[in-house]
There are 2 protein chains.
Amino acid sequence: MSEHPRSIIAGTEADEADVVAATSAAVEAFGAYRATTPGQRGDFLEAVAAEIEADKDAIVEAAVAESNLPEARISGEVGRTTGQLRMFASVVRRGDHLGVRIDPALPDRAPMPRADIRQRHIALGPVAVFGASNFPLAFSTAGGDTASALAAGCPVVVKGHPAHPRAGYLAAAAVTRAVEKAGLPLGTFSFLLAPGGQSSIDLGQSLVTDPRIKAVGFTGSRGGGLALVAAAAARPEPIPVYAEMSSINPVVVLPGVLADGDVTALASAYVGSLTLGAGQFCTNPGLLFLPRGDAGDDFLVAAGNAVAEAVGGTMLTPGIATAYEKGTANLRDVSGVRIVGQGSDGGEHAPAPLLLESPTLTGVTDEVFGASGVVVRYDDVADLLPHLESLEGQLTATVHANDADADDAARLLPVLELKVGRILFNGWPTGVEVGHAMVHGGPFPATSDSRSTSVGSLAIERFQRPVAYQDVPSGVLPEAVRDDNPWGLARRIDGELQLP
Amino acid sequence: MSEHPRSIIAGTEADEADVVAATSAAVEAFGAYRATTPGQRGDFLEAVAAEIEADKDAIVEAAVAESNLPEARISGEVGRTTGQLRMFASVVRRGDHLGVRIDPALPDRAPMPRADIRQRHIALGPVAVFGASNFPLAFSTAGGDTASALAAGCPVVVKGHPAHPRAGYLAAAAVTRAVEKAGLPLGTFSFLLAPGGQSSIDLGQSLVTDPRIKAVGFTGSRGGGLALVAAAAARPEPIPVYAEMSSINPVVVLPGVLADGDVTALASAYVGSLTLGAGQFCTNPGLLFLPRGDAGDDFLVAAGNAVAEAVGGTMLTPGIATAYEKGTANLRDVSGVRIVGQGSDGGEHAPAPLLLESPTLTGVTDEVFGASGVVVRYDDVADLLPHLESLEGQLTATVHANDADADDAARLLPVLELKVGRILFNGWPTGVEVGHAMVHGGPFPATSDSRSTSVGSLAIERFQRPVAYQDVPSGVLPEAVRDDNPWGLARRIDGELQLP
């Protein structure tokens, strides 16, 4: 067990004892932390953002060195991370996530009087967060899962990703400074890190099976996510796991937009999204449905040329590059698959981007993390729908359409809705806006729990549960549900929403 | 496979083929049913209520005969069931459960424009509902789980409880008449029933593991619920299970109320709640914490006397009566446990009510379904809190307190909040109001998923998930998220709630 006198942060050698120390401290912190007012909690989230900004240069330097991602991208990710924290602060201050409902007493109701019943949502308890490899900041130590759990009132124990230990540690130190300055218990936030490989897997399992942990946030591979889901389900007390796992993000190009638009520009934009950041996005467009015919052929040639000009970027880790090479080799071996275009490799662990065409979906629907895509041709929407219906759950689906495609698009929408968390038109799925309406989620296996999102303010509600208070005396009632509404919350009175 | 020409309703011999027929029909119905407008769906839910009322006499007769519950109770349950359907109809018409959020495009935002992003919640898909033994109507075929799933837009396949096949069948027939009159696909609702025992368990397993089923609602025993949770988690595509399972519903009597109140009346009211309906309620107050000292002694003597005067009611099934006898025998064998009072048995399968006192919680915290309670004494709140902290999750916690107890009550509240779904003061937990603020849920093992409730309008949200629409052309957008707001919904615009 490593020693960190002023906090529970454990360096690169965290072990079982650190897990117990961190989760025990989280339990001790829970009472005080969940009792913070909307103002106090909002202040704290903003302070976390400020502390990250105060150490931005060092964080960016560490993350660039550890991830091979360009400085502009990492710098932007810092902005995304701090913006997310500040947005969640504003949501917490408004307090709508508390979901207050009041059904006033009806003492004269016949045949039975109605009691006074009030509802609010409370925090679930300490949350384990698993940082992602591909977003060393925005989906990691102080990223979306951590920000939403803290916003909900849950202490957080982060298992840092071994691919970016220093960036994770610096972000954790920033959160811890904010915890200390706010006078919150140190157990409000802890950071644990193992050297990687089996020790990292073991640390994660210890964390998820610790009885003090009440929910899990995870972004990563399907194998990793499913292992945590299984561990959580096998606990004496099962807990929710929000694992964002795998997606090939189908894109449908409809005939009208091909007939009428700039096919070369569209193909080039597609390849731009496919190869962005070496294709290391959960929302990478790995599967594209293209009409048969001349315009589709033109698109394919243009896309092949664009891929041929692309140079592979250095991937996040050597292991990820190896998995990409293996995954693309498997795809190429699928019967009937042909290469549409192949880029050049960009040096060590920077494998070449690849675009393939497949006659069917058989064997080409498993996610290959990186800059590889598969094109499948179709005759018309009647031919396309069974393809879409056969897909597993996805984070996103993209439709390229113009006015001439309106009828086809309307037929696609209800099918796509049942498959994905986000449907977008005439854009590319890479780039996930942090907003109130965003859904970064979707049916299994895109995530382990489709009822939520890991990006956007709805994510806060994942880490809460409702509690009802029946005839509780006003002096004992929590502030959120008192008649005088001291926090100025929107409330549902007898089922009807009322603004403050 | 039984033949039911006009619907999928299968009589008392449903088998695997019926499961496939029902779930396939549910999938076929899903598109049309989830596309119903708030008005259409509200009309349908109200029609279900009307059809149940139209056959009320026959339903009550069947349920009384099958459940051994008194006619007044069953008649009240019909009212509860139809009232619940009508209330959910009103919620659906209002449409707040759709959770509409709109983040308008910001084309001029720097450095990157923001897309137009809209969110609504959609139905998960076909839901399997397992009727409960103890509420042949309100928690069964057309009960809360069915009503909330239908309100959410999910087709429902009910596995009827073998303890009340005729009442279940008649309720199912009423729902089916409403389906037909509304012109909805017959697969919107199906009812399956097995003779009981292993055949019933097998039917349930087939239903939960059918890939077309997307969520499960269950009310029943911990063993039964956990078996469904395990089956659902082991599916290739795991699905949510809302199992309401077991609870002993702790009651805390604080010293002030004992010192000042009518101890005999309080004890009598407690025994009334304990023995109501032969104690066959999920919310039966099975554990009571009582101050040591003279007033507590007086309460205990009065409660013992009240129990001694109570006569056992005929239980729902012979098996339930046998389980009660076994459970109370186990309790009596726990070291240090003594009998405070014992009633008389009321004939066959009508075992005697029983009140015990135990020096500790060891061995007395497993639910015994029926009219048995355990009293544990305490010195003061400091002595009481560790007891409460050691309890498993519960549906309810009850506090009896007066003004003199205010400080103690305030110390209890945050501890109880983390253990239960509903906290009530100076009442009894039996009797669960169907309202907007009700929570009939709680941490494991009270339920398998604490993030929801199985009673009240919040229950609708269990069967939904969010979907985001990014830059979707207005002609293709679902009505719920259109700018002109044709359904007059409350919406969150840029994070701010706006009423219609």
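The values are calculated or read from the model by the stated rules, or taken from the named source; none is laboratory data. Remember, it's a predicted structure, so these values are computed and weren't measured experimentally. Reconstructed Cβ throughout: ideal geometry from the backbone, glycine too, with neighbour counts over all protein chains shown. To get the accessible areas, we keep the full protein, side chains included, count just its heavy atoms, and leave off ligands, DNA and RNA. Shrake-Rupley method; radii C 1.70, N 1.55, O 1.52, S 1.80 Å.
What to note about this one:
- Note on the stretch B:259-279: residues that are surrounded by fewer than 22 Cβ atoms within 10 Å (Cβ to Cβ), in a helix (DSSP H, G or I) and more than 23 Å from the chain's Cα centre (by Cα) total 7.
- For the stretch B:474-493, a residue qualifies if it is over 26 Å from A:Lys419 (Cα atoms) and in contact with a Gly (Cβ under 8 Å, 6 or more places away or on another chain), and the qualifying residues are B:Gly488, B:Ala490.
- The C-beta contact set for the stretch B:263-279 (first residue within 22 Å of B:Met315 (Cα to Cα), second residue open to solvent by 30 Å² or more (accessible area, probe 1.4 Å) and hydroxyl-bearing (Ser, Thr, Tyr), distance under 8 angstrom, 6+ apart or interchain) comprises B:Ala278/B:Thr314.
- Residue count for the stretch B:297-334, restricted to those that are farther than 16 Å from B:Arg377 by Cβ and part of a loop (DSSP other than H, G, I, E, B): 7
- Residues that are more than 7 Å from every other protein chain (Cβ to nearest Cβ) and among the aliphatic types (A, V, I, L, M) within the stretch B:420-442 comprise B:Val420, B:Val432, B:Val434, listed in sequence order.
- Condition met for B:Asp471 (open to solvent by 10 Å² or more (accessible area, probe 1.4 Å), touching a Gly at 6+ places or on another chain (Cβ under 8 Å), touching a residue at least 24 places away in the same chain (Cβ under 8 Å) and acidic (Asp, Glu)): yes
- For the stretch A:35-50, the tally of residues that are over 23 Å from the mean Cα position of the chain (by Cα) and in contact (Cβ under 8 Å) with a residue 24 or more places away in the chain stands at 6.
- Hey, B:Trp487 more than 8 Å from chain A (Cβ to nearest Cβ), closer than 27 Å to B:Val127 by Cβ and of a type in the set (Phe, Trp, Tyr) or not: yes
- Close pairs from the stretch A:376-393: first among the aromatic types (Phe, Trp, Tyr), partner surrounded by 13 or more Cβ atoms within 10 Å (Cβ to Cβ) and modelled with pLDDT of 95 or more, Cβ under 8 Å, at least 6 apart: A:Tyr378/A:Phe289; A:Tyr378/A:Leu290; A:Tyr378/A:Pro291; A:Tyr378/A:Arg292; A:Tyr378/A:Leu384; A:Tyr378/A:His387
- Residue within the stretch B:165-186 that is closer than 22 Å to B:Thr36 by Cα and without any contact (Cβ under 8 Å) to a residue 12 or more places away in the chain present: yes
- Qualifying residue in the stretch A:5-14 (condition: at pLDDT 95 or above, open to solvent by less than 60 Å² (accessible area, probe 1.4 Å) and of a type in the set (A, V, I, L, M)): no
- Scope the stretch A:68-113; condition closer than 22 Å to A:Ala167 by Cβ and of a type in the set (Gly, Ala, Ser); matching residues: A:Ala72, A:Ser75, A:Gly76, A:Gly79, A:Gly83
- Complete set of residues in the stretch B:112-145 that are of a type in the set (Lys, Arg) and either without any contact (Cβ under 8 Å) to a residue 12 or more places away in the chain or open to solvent by less than 10 Å² (accessible area, probe 1.4 Å) (or both): B:Arg114
- The single condition among (1) within 12 Å of the chain's Cα centre (by Cα); (2) more than 9 Å from chain B (Cβ to nearest Cβ); (3) farther than 17 Å from A:Thr283 by Cβ that A:Ala446 does not satisfy is (3).
Table: residues versus (1) within 29 Å of the chain's Cα centre (by Cα); (2) among the polar types (S, T, N, Q); (3) open to solvent by 10 Å² or more (accessible area, probe 1.4 Å); (4) not assigned by TED's automatic domain parsing to the domain that holds A:Leu391.
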{"position": "A:Phe281", "(1), (2), (3), (4)": "yes, no, yes, no"}
{"position": "A:Gln342", "(1), (2), (3), (4)": "no, yes, yes, no"}
{"position": "A:Gly347", "(1), (2), (3), (4)": "no, no, yes, no"}
{"position": "A:Leu356", "(1), (2), (3), (4)": "yes, no, no, no"}
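- Per the listing A:Ala32, A:Ala25, the residue uniquely within 27 Å of the chain's Cα centre (by Cα), modelled with pLDDT of 95 or more and hydrophobic (A, V, I, L, M, F, W, C) is A:Ala25.
- Restricting B:Val78, B:Val100 to those that are closer than 26 Å to B:Asp484 by Cα and of a type in the set (Val, Ile, Thr) reduces the list to B:Val100.
- Among the residues listed as B:Val399, B:Val415, the single one being under 26 Å from B:Ala265 (Cα atoms) and touching a residue at least 12 places away in the same chain (Cβ under 8 Å): B:Val399
- Top-ranked residue of the stretch A:237-258 - restricted to ones that are among the β-branched types (Val, Ile, Thr) and in a loop (DSSP other than H, G, I, E, B), ranked as nearest to the chain's Cα centre (by Cα): A:Ile248
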